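The values are calculated or read from the model by the stated rules, or taken from the named source; none is laboratory data. No experiment lies behind these values; they were computed from the predicted model shown. Counting neighbours? That spans all protein chains shown, and the Cβs are built from the backbone with ideal geometry, glycine included.
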Amino acid sequence: MRKRIGWFSMLLAICLLLGACGTNNVNNGNADNGKGGSAQETTKGASEGNDKPYELTVAFITFGNTPADIAQVQEEISKLAKEKINATVKLLPIAIGSWNQQMNLMLTSNEKLDLIVTGSSATFGYGPQVAKGQLLPLDDLIEEYGQGIKNAVGEEFMNASNIGGSIYGVPSIRDLAVNYGFLIRKDIADKYSIDLSAMKSLDDLEAAMKTIKAGEPDTAVIAPGSAGQSIVDYLMGDIDRLGDSYGVLLNNGSELKVVNWFETPQYEELVKRVRSWYNAGYILKDAATNKESIGDLIKGQRTLAYVANLKPGIESQESRLTGTEIVRANFTEPFAKTETVTNIMWGIPRNSSNPERAMQFLNLMYTDKQIINLFDWGIEGKHYVQTDVDNVIKYPDGVDASNSGYNLNMGWLFGNQFLSHTFDGDDPDIWNKLNEFNQSAIKSKALGFTFDTASVKTEFAAVVNVVNQNKLGLETGTLDPEKTLPDFVAKLKAAGIDKIIAEKQKQLDAWASNK
């Protein structure tokens with residue numbers, strides 16, 4: 001479950017990490033749910049129409065270098081897929097810095113794609129993809145070939161991606177709520193006597209950064225938890241972005257009043273504070289353009305800490321990722337909203353030549369433990385070995401995070417993470433704890449609402465362009481908000497953000513009245 005952003009939330013987290021519902025467990029959240037779906041659910045329809053072999057192109061985002069052994073892992077996954085659904089798999093990893101451009105090009109040029117990662121964040125653009133007709137509705141395909149998915153995900157979480165009465169994306173099973181916080185090298189926290197248990201506010205964080213910077217003047221103190229994300233992305237913990245931040249709910253979504261986040265006093269205060277941190281040398285200087293993963297930044301001693309999406313088990317996960325012990329401080333309580341469910345999903349593009357086979361393979365990603373552990377951990381005996389504890393693994397002798405040929409660290413991405421092994425040092429009961437985390441989260445009143453951008457797609461595209469030109473600069477402290485923020489807000493209004501907000505409010509009101 002070695003997540004790089006807690007995402008996404010992500011995305012994150014990137015954001016950004018990720019929403020849940022308290023009464024609707026994912027397979028009851030049991031660590032034993034490696035069963036996924038039944039054998040009948042897994043194979044239902046798989047033998048029908050599968051006489052001819054088919055190669056599935058599966059595109060997904062990465063946050064670091066492509067693993068050296070990915071072709072070997074692909075071969076092992078293909079062996080299983082060939083046996084079960086008469087298909088082979090071509091994995092297509094795309095770095096986060098290239099994702100938007102490359103994916104847009106592939107989707108618009110009708111290049112062959114069978115499964116892609118999608119999601120509600122601007123990185124993936126689920127709503128716009130649906131509005132442009134780039135994703136297929138999945139309802140009938142799931143009914144025919146995806147019964148294991150239905151059983152694993154659960155009705156409420158499946159419906160979180162519903163747009164206009166159809167489902168176009170299937171959420172991955174992982175942490176479905178998020179809380180935001182601060183992750184730091186333990187040796188640095190100890191060296192400067194930083195009491196993480198007492199760190200509850202941005203003022204506390206600022207005081208700690210000042211102390212650390214005085215002793216480490218040549219190194220940045222913090223960076224965003226994922227390349228392509230901002231500092232502010234991880235400080236807006238009580239905001240329900242309603243998928244895209246172009247019209248949000250404040251105060252944990254306790255009221256269904258949509259506002260322009262970028263012209264709120266809260267946003268202005270945050271970007272001004274972040275600017276002061278940047279000027280003080282606390283923030284990575286190239287945070288707005290950096291493409292290195294946070295693991296590489298920590299290993300390269302370019303930063304000592306980072307703000308990120310948190311969840312149970314994050315410390316051991318990030319310690320393994322960075323090669324040094326990492327400790328945490330929480331800024332917010334767990335919060336569940338549509339985007340924390342829908343920020344990481346799988347969709348079938350209209351480009352697919354065989355949507356039926358694509359759905360059959362997607363079903364395996366939610367029901368087949370062997371396939372999930374190949375995606376998550378690589379090849380047993382080469383990239384990991386079993387320990388004496390059931391379902392707990394470790395690196396083979398002579399292998400670690402720095403030299404493993406397969407170290408994607410992205411178990412949260414590939415289907416049903418609750419089918420995955422746990423890594424030595426992680427809590428063996430982590431999947432149950434993740435389920436409890438999801439259930440205990442504060443729930444936005446808009447949980448399950450997804451905005452349909454079809455009626456404002458022109459304005460939406462214009463707003464995205466304005467945001468892409470300004471957001472990262474403002475929210476990493478690179479740009480001066482005194483000069484840039486008023487112009488940013490004016491350009492957003494000229495691009496049509498008020499029309500988007502009005503349409504979003506209209507759809508939200510209609511959704512709430514029909515609940």
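For the structure I just gave you, tell me whether Asp397 is of a type outside the set (A, V, I, L, M) and assigned to a loop (DSSP other than H, G, I, E, B). Taking the combined requirement at face value, the residue satisfies it. When Ser172, Ser197, Ser166 are screened for being under 22 Å from Pro312 (Cα atoms), surrounded by fewer than 18 Cβ atoms within 10 Å (Cβ to Cβ) and not aliphatic (A, V, I, L, M), only Ser197 passes.
Within the range 319-336, the only residue that satisfies the criterion of being in contact with a Phe, Trp or Tyr (Cβ under 9 Å, 6 or more places away or on another chain), at pLDDT 90 or above and among the charged types (D, E, K, R) is Arg328. The helices (runs of 4 or more DSSP H) found wholly in the range 450-515 and carrying at least 1 residues that are surrounded by 21 or more Cβ atoms within 10 Å (Cβ to Cβ) and of a type in the set (Val, Ile, Thr) occupy 457-475, 497-513. The residue that is farthest from Lys311 (Cα to Cα), among those in the range 151-170 that are touching a Phe, Trp or Tyr at 6+ places or on another chain (Cβ under 9 Å) and at pLDDT below 95, is Ile163. For Leu235, the criteria (1) in contact with a strand residue (DSSP E or B) (Cβ under 8 Å, 6 or more places away or on another chain); (2) more than 30 Å from Gln505 (Cβ to Cβ) hold in every case but one, which is (2). Restricting attention to the range 137-150, the residues being within 19 Å of Leu113 (Cα to Cα), in contact with a Phe, Trp or Tyr (Cβ under 7 Å, 6 or more places away or on another chain) and buried (at least 20 other Cβ atoms within 10 Å of the Cβ) number 1.
Considering only the range 286-304, state which residues are in contact with a Ser or Thr (Cβ under 8 Å, 6 or more places away or on another chain) and either exposed (fewer than 15 other Cβ atoms within 10 Å of the Cβ) or assigned to a loop (DSSP other than H, G, I, E, B) (or both). Break it down into steps so the answer makes sense when it comes.
Taking the range 286-304 and keeping what is in contact with a Ser or Thr (Cβ under 8 Å, 6 or more places away or on another chain), we get 287-288, 293-295, 297-299, 301-304.
Result: Ala287, Ala288, Ser293, Gln301, Arg302.
Scanning the range 294-318 for residues that are under 19 Å from the mean Cα position of the chain (by Cα) and farther than 15 Å from Phe63 by Cβ gives Val307, Leu310, Lys311, Pro312, Gly313, Ile314, Glu315, Ser316. Counting the residues of the range 455-491 that are hydroxyl-bearing (Ser, Thr, Tyr) and farther than 17 Å from Ala502 by Cα gives 3.
I'd like to check something: does the range 90-100 contain any residue that is over 14 Å from the mean Cα position of the chain (by Cα) and over 26 Å from Thr289 (Cα atoms)? Yes, the range 90-100 contains a residue that is over 14 Å from the mean Cα position of the chain (by Cα) and over 26 Å from Thr289 (Cα atoms).
Among the residues that make up the range 265-283, is at least one of them at pLDDT 95 or above, among the β-branched types (Val, Ile, Thr), within 26 Å of Met410 (Cβ to Cβ) and surrounded by 24 or more Cβ atoms within 10 Å (Cβ to Cβ)? It would help to see each step written out before you state the result.
Initially, the range 265-283 is screened for residues at pLDDT 95 or above, giving 265-283.
Narrowing the set further to residues that are among the β-branched types (Val, Ile, Thr) leaves 271, 274, 283.
Now narrow it down to the ones that are within 26 Å of Met410 (Cβ to Cβ): 283.
Cutting the leftovers down to surrounded by 24 or more Cβ atoms within 10 Å (Cβ to Cβ) gives us 283.
Yes, there is a match, as at least one residue in the range 265-283 is at pLDDT 95 or above, among the β-branched types (Val, Ile, Thr), within 26 Å of Met410 (Cβ to Cβ) and surrounded by 24 or more Cβ atoms within 10 Å (Cβ to Cβ).
Just so you know, in the range 421-438 the residues that are touching a helix residue (DSSP H, G or I) at 6+ places or on another chain (Cβ under 8 Å) and closer than 19 Å to Gly295 by Cβ include one that is surrounded by the most Cβ atoms within 10 Å (Cβ to Cβ), and it is Phe423. Val467 meets each of the listed conditions (1) under 19 Å from the mean Cα position of the chain (by Cα); (2) under 23 Å from Gly228 (Cα atoms) apart from (1).
May I ask you to verify whether Leu235 is within 23 Å of the chain's Cα centre (by Cα) and either at pLDDT below 95 or crowded, with 20+ Cβ neighbours inside 10 Å (or both)? Taking the combined requirement at face value, the residue satisfies it.
Of all residues assigned to the range 253-260, at least one qualifies as being at positive phi, buried (at least 23 other Cβ atoms within 10 Å of the Cβ) and not in a loop (DSSP other than H, G, I, E, B).
Looking at Ile188, is it touching a strand residue (DSSP E or B) at 6+ places or on another chain (Cβ under 8 Å), surrounded by 24 or more Cβ atoms within 10 Å (Cβ to Cβ) and farther than 20 Å from Thr342 by Cβ? Against the criterion (touching a strand residue (DSSP E or B) at 6+ places or on another chain (Cβ under 8 Å), surrounded by 24 or more Cβ atoms within 10 Å (Cβ to Cβ) and farther than 20 Å from Thr342 by Cβ), Ile188 does not qualify.
For Ala223, the conditions (1) part of a loop (DSSP other than H, G, I, E, B); (2) surrounded by 23 or more Cβ atoms within 10 Å (Cβ to Cβ) are fulfilled apart from (1).
For beta carbons closer than 7 Å, sequence separation of 6+ or different chains, a first residue in the range 384-410 that is over 16 Å from Thr422 (Cα atoms) and a second that is part of a loop (DSSP other than H, G, I, E, B) and of a type in the set (Ser, Thr, Tyr), the qualifying pairs are Ser404/Tyr395.
Answer with yes or no whether Glu475 is within 22 Å of the chain's Cα centre (by Cα) and more than 29 Å from Leu270 (Cα to Cα).
Numbers: within 22 Å of the chain's Cα centre (by Cα): yes; more than 29 Å from Leu270 (Cα to Cα): no.
No.
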